[in-house]
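J.: Quick one: this structure, given as structure tokens, is what I'll be asking you about.
What follows is calculated from the coordinates using simple rules that are stated; it is not laboratory data. Computed from a predicted model, the values in this text were never measured in an experiment. Cβ sites come from the backbone with ideal geometry, for glycine too, and all protein chains shown count toward neighbours.
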Amino acid sequence: MEGDIDLSEMSSSYEGYLSRIGRKTKEVKSYYYKLFGNYLCYFLKEDDIEYKGYIKLHRDILLEKKQLISKKENIYYLEFSSHNNMRKLYSKESEIIKQWYNALKSMTVLTGFRE
């Protein structure tokens, strides 16, 4: 993978499952996310060693905690936005999103936040 990061000497400060919508197929996919410093890496399974991809966290990213209300169920999500790029990570549980939001707020270089 271009821009590979070496995680062998790093330990994650926070981790857990979140979902996202695929860029090509628009299907909801669940990944196991681990926060390594300013890299939010995602894995196919919790015990995978090699990551599938990552989000590099930097000061220009705005992190927002949001909720989508529908008749069937509520969806909670984190929205990472920077210039022309946006990523959304979802959960059906508000507490999971709240915990991720707090972890990202306290453990990274991110400076822009909205609840």
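J.: Treat each spin label as a single point 7 Å out from the Cα along the C-beta direction, and report the residue 67 to residue 46 distance in nm.
T.: Output for this residue pair reads 2.7 nm.
J.: Report relative contact order for the chain in percent, whole number only (criteria: Cα-Cα under 8 Å, sequence separation at least 6).
T.: Reported relative contact order: 21 percent.
J.: Expressed as an acute angle from 0 to 90° and rounded to the nearest 10, what is the orientation of the C-alpha long axis of helix 94-107 relative to the principal long axis of the chain?
T.: Approximately 40 degrees, to the nearest ten.
J.: Further question: Between residue 6 and residue 98, what is the label-point separation in nm under the 7 Å Cα-to-beta-carbon projection?
T.: About 4.0 nm, to one decimal.
J.: Report the percentage of all Cα-Cα pairs in the chain whose separation exceeds 19 Å, rounded to a whole percent.
T.: The answer is 46 percent, as a whole percent.
J.: Ok, one more. Under 5 Å between amide hydrogens, which residues at least 5 positions from residue 113 or on another chain qualify, with H placed 1.01 Å from N in the peptide plane?
T.: Placed amide hydrogens put 63 under 5 Å from residue 113.
J.: Now, a different point. At 0.36 nm per residue, and after removing the present C-alpha to C-alpha distance, how many nm does the segment from residue 79 to residue 109 gain when stretched out fully?
T.: Between residue 79 and residue 109, full extension yields 9.2 nm more.
J.: Could I ask something else about it? Output ³J(HN,Hα) for the range 12-26: one whole-Hz value per residue in order, computed from phi by the Karplus curve 6.51 cos²θ - 1.76 cosθ + 1.60 with θ = phi - 60°, and x for Gly and Pro.
T.: With coefficients 6.51, -1.76 and 1.60, one gets 6, 9, 7, 7, x, 7, 9, 10, 8, 9, x, 5, 8, 8, 6 Hz.
J.: Hey, what did the range 48-87 get for relative contact order, percent, Cα under 8 Å, at least 6 apart?
T.: 32
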